[in-house]
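This report refers to the structure that appears directly beneath it.
The values are calculated or read from the model by the stated rules, or taken from the named source; none is laboratory data. All of these numbers come straight from a predicted model, not from anything done at the bench. All Cβ positions, glycine included, derive from the backbone under ideal geometry; neighbour counts span all protein chains shown. SASA here: full protein model, heavy atoms, side chains in, ligands and nucleic acids out. Shrake-Rupley method; radii C 1.70, N 1.55, O 1.52, S 1.80 Å.
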Amino acid sequence: MADMDALLFWVLGAGAIVASLLVIGQRNPMYSVLLLIVSFAALSGLYVLLGAPFVAAIQIIIYAGAIMVLFLFVVMLLNVPTEDPPTGYHARLLGGAGPRRFGAVLSAGLVLELAWALRRLQGAPMPDDAAAVPSSVHAIGVKLFRDYAFAFEATSVLILVAMVGAIVLARKEKS
Amino acid sequence: MPFGITPEIIANLTVILVVFFALQISAAVLVYMERKVAAFVQQRYGPYLVGPRGALQPLADIIKLMFKEELRPKAADKLLFYVAPVLSAVAAFAAFAVVPFGADTTFFGLLDHPIHLAAADVNVGLLIIFAITSMGVYGIVLAGWSSNSKYSLLGGLRSSAQMISYELSYGLSFAAVIMLAGSLSLQQIVGQQAGYWWLFDAVPIPKWFIFVQPLGFLIFLTAGVAETNRAPFDFPEAEQELVAGYHTEYSSMSFALFFLAEYVNMVTVSAVATDLFLGGWHLPFLPEWLGWLAFLIKVFALLFFYIWMRWTLPRYRYDQLMEFGWKWLLPAAVINLLVTAGIVAYWG
Amino acid sequence: MIPEPTLNSYLMLSAVLFAIGTAGVFLRRNLITILLSVEVMLNAVNLTFVAAGRFYHSVEGQIIVFFVMTVAAAEAAVGLAIVIALFRHRESLNPDAFTSLKW
């Protein structure tokens with residue numbers, strides 16, 4: 001069974017990486033949004049493997065089910081054109097083919113640097129028993145509403161402010 | 001047994017297959033039921049030519065749909081046009097995976113330990129159902145957009161906006177039930193509804209949550225009807241308004257998949273309502289091993305109610321629909337939740 | 001046979017996803033794709049938190065993920081509202097079209 005878990009990790013991890021690469025590589029924003037949903041699904045599977053079913057469920061509910069629907073609505077309503085090639089002096093300076101490839105190389109450099117930094121944590125195995133982490137919904141609820149109650153209430157105010165802000169910003173001007 | 005295949009695995013596989021085929025058969029039965037009930041409501045005979053009393057009508061419908069030409073508008077997005085109905089159907093079927101439909105059973109002693117009668121038993125079952133129902137929105141949105149036609153786009157956008165608006169009341173109404181039951185697992189919620197109280201020491205009342213949460217049940221059912229784009233909330237796919245909304249450009253099997261998805265969604269909403277509010281497979285004075293029959297009867301009673309509503313009530317206009325969802329249903333669900341929370345905190 | 005995933009593997013995966021998100025923000029010339037890349041970065045961070053939470057036997061990893069998701073939702077909503085307002089103004093989603101504040 002542990003073998004199955006290990007296989008699932010590599011498969012889901014590869015899926016998440018490939019989907020994310022395609023997200024930033026697509027011309028059409030509609031496909032980008034859909035591929036990001038695939039990436040979220042892969043991450044949700046990884047959360048289940050990490051013994052966090054609640055986080056996996058809310059990842060799908062909030063990210064894939066709400067935020068991405070919002071993105072889809074905007075893409076569909078704005079009838080977003082596919083990306084045009086860069087124009088203008090500044091754009092060609094930083095957006096041409098040469099600088100783009102250099103940027104990709106720098107990103108790869110970032111990854112290698114992080115890998116080197118992580119070599120310190122050489123092979124620390126994940127705790128095998130999921131029972132060691134009290135990850136049941138009950139435990140999360142208790143901790144959330146006792147120790148982090150203030151943060152919880154603050155996020156509700158944050159969401160209210162964001163809602164009001166979004167409505168005001170996207171409103172048509174009455175002119 | 002080779003490869004470590006235990007009887008449990010075979011039993012689980014059988015349950016999964018039974019669920020899968022039962023959903024398809026119930027979709028077919030629903031097609032027939034809808035037409036017959038509609039006919040009786042409208043004082044006419046329904047289908048009566050094919051088979052005894054028209055019972056083979058769904059078969060005729062399916063054969064007709066299979067033989068139709070599969071059309072696709074030229075400017076439609078090739079991949080998404082075909083993926084959208086598949087997505088709808090997959091979400092509809094997957095949501096039923098965590099719904100238990102019978103008591104734990106050992107199949108009359110064939111197995112050593114009892115297994116749950118559900119395709120999968122998960123601790124956070126209700127959250128999974130909610131998550132997969134949210135994914136069902138994508139089938140509709142993508143269908144509307146990829147058809148590249150203004151009726152489809154408008155229908156798709158309106159339909160998905162309606163679905164995500166009513167998802168809030170849907171979630172809040174079963175949050176109240178979760179508070180009462182203390183668990184997210186449908187198996188345990190049904191377990192808490194076993195037995196009965198005695199009213200006036202003479203009348204047994206089953207311990208179903210509908211008696212404790214009548215408002216919650218109504219909100220859940222209303223939101224469920226709006227979620228499945230049915231009955232008085234089916235503006236986005238009404239024939240008189242938007243041709244056929246998001247599935248205007250679909251024909252043959254893709255259309256059949258949308259239809260299947262809609263009926264299976266209805267079955268899922270009814271099944272979850274039965275498990276949450278109507279006691280699942282518990283019926284007083286019924287032996288446990290017949291629980292699945294009680295479940296089936298309750299689900300079909302709710303489905304009959306669905307169909308009855310469709311052919312009796314007039315349709316809501318889109319802005320009336322959205323106003324109802326946000327200004328009336330959502331506050332009602334929140335008040336229901338607060339009152340339940342107060343009662344649970346006070347009386348335990 | 002199949003190597004067991006260690007904490008390192010999860011952190012590496014998260015680092016790769018974060019770098020992909022960063023590359024997306026820098027390299028893409030479409031406002032919506034930039035916002036999507038920011039979401040990719042936030043997801044990578046979520047993965048780090050959950051993996052670390054599992055490693056240190058703490059449930060706080062999942063709690064902070066809850067907050068990150070909420071903030072991401074709020075940020076996506078406001079960001080998209082801004083995109084809509086900008087699109088109405090200039091009919092373009094290319095960030096290079098909004099240069100009126102440049103010297």
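Go through the range B:82-96 residue by residue and turn each phi into a ³J(HN,Hα) via Karplus (6.51, -1.76, 1.60, θ = phi - 60°); whole Hz please, and just put x for glycine and proline.
Per-residue couplings from phi come out as 8, 6, 4, x, 4, 4, 4, 5, 5, 4, 4, 5, 5, 5, 7 Hz.
Pop out the ³J(HN,Hα) list for the range B:60-65 in order, Karplus 6.51 cos²θ - 1.76 cosθ + 1.60 with θ = phi - 60°, rounded to Hz; leave Gly and Pro as x.
My calculation for the range B:60-65 gives 4, 4, 5, 5, 4, 5 Hz in order.
Using a 1.4 Å probe on protein heavy atoms, which residues of the range A:150-175 have at least 10 Å² less accessible area in the complex than alone?
Those are A:151, A:152, A:155, A:158, A:159, A:162, A:166, A:169, A:170, A:172, which lose 10 Å² or more relative to the chain on its own.
Averaged over its residues, how many other protein chain Cβ atoms are within 10 Å of peptide B:135-144's Cβ atoms?
Going residue by residue through B:135-144 and averaging, the value is 3.
So who's got an amide H within less than 5 Å of the one on residue B:105, skipping anything under 5 residues away but keeping other chains? H placed 1.01 Å off N, in plane.
Under 5 Å from the amide H of residue B:105 lie the amide H atoms of B:115, B:117, each far enough along the sequence or on another chain.
With +1 on each Lys and Arg Cβ and -1 on each Asp and Glu Cβ, and nothing else charged, work out how big the dipole of the protein assembly as shown is about its Cα centre, in Debye to the nearest 20.
1700 debye
Please list, in chain and number order, the residues 5+ apart from residue B:196 or on another chain whose amide H is under 5 Å from its amide H, with Hs placed from the backbone.
Answer set, sorted by chain and number: B:207.
Cα centroid distance between the range C:26-63 and the range B:252-329, in Å?
One Cα centre to the other: 38 Å.
Under the Karplus relation 6.51 cos²θ - 1.76 cosθ + 1.60, θ = phi - 60°, what is the ordered set of whole-Hz ³J(HN,Hα) values for the range C:26-32, x standing for Gly and Pro?
Residue by residue, the range C:26-32 yields 7, 9, 8, 10, 9, 4, 5 Hz.
May I ask for the accessible area buried between chains A and B, both sides summed, probe 1.4 Å, to the nearest 100 Å²?
1700 Å²
Please compute the per residue accessible area over the range C:7-91 with all protein chains in place, 1.4 Å probe, rounded to a whole number of Å².
On a per-residue basis, the range C:7-91 sits at 32 Å².
Distance between Cα centroids, the range B:65-97 to the range A:1-48: provide it in whole Å.
Computed from Cα coordinates, the inter-centre distance equals 23 Å.
I need the Debye-formula profile for the protein assembly as shown: one equal scatterer per C-alpha, no solvent, reported as log10 I(q)/I(0) at q = 0.06, 0.09 1/Å, two decimals.
With one equal scatterer per Cα and no solvent, log10 I(q)/I(0) is -0.36, -0.82.
Just to be sure I understand: if I project the alpha-carbon convex hull of the range A:133-175 onto a plane and average over all orientations, what area do I get in nm²?
Projected over every direction and averaged, the Cα hull of the range A:133-175 covers 4.1 nm².
Rg and Dmax of the range C:7-91, Cα atoms, in Å?
Values for the range C:7-91 (Cα only, Rg and Dmax): 15.2, 51 Å.
Across peptide C:33-44, what mean number of C-beta atoms from other chains lies inside 10 Å of a residue's C-beta?
6
Assuming R0 = 45 Å, can you tell me the calculated FRET efficiency for the pair residue B:205 and residue B:326, based on Cβ-Cβ distance, to the nearest 0.05?
0.80
Once ligands and nucleic acids are excluded and a 1.4 Å probe is used, how much of residue B:292 is accessible, expressed in Å² to the nearest 10?
120 Å²
Show me you know the interface measure: the accessible area buried between C and A, both chains summed, probe 1.4 Å, in Å² to the nearest 100.
For chain C against chain A, roughly 7200 Å² becomes buried.
Given a Förster distance of 25 angstrom, what is the FRET efficiency for residue B:148 paired with residue A:172, based on the Cβ-Cβ distance and rounded to 0.05?
Result of the calculation: an efficiency of 0.45.
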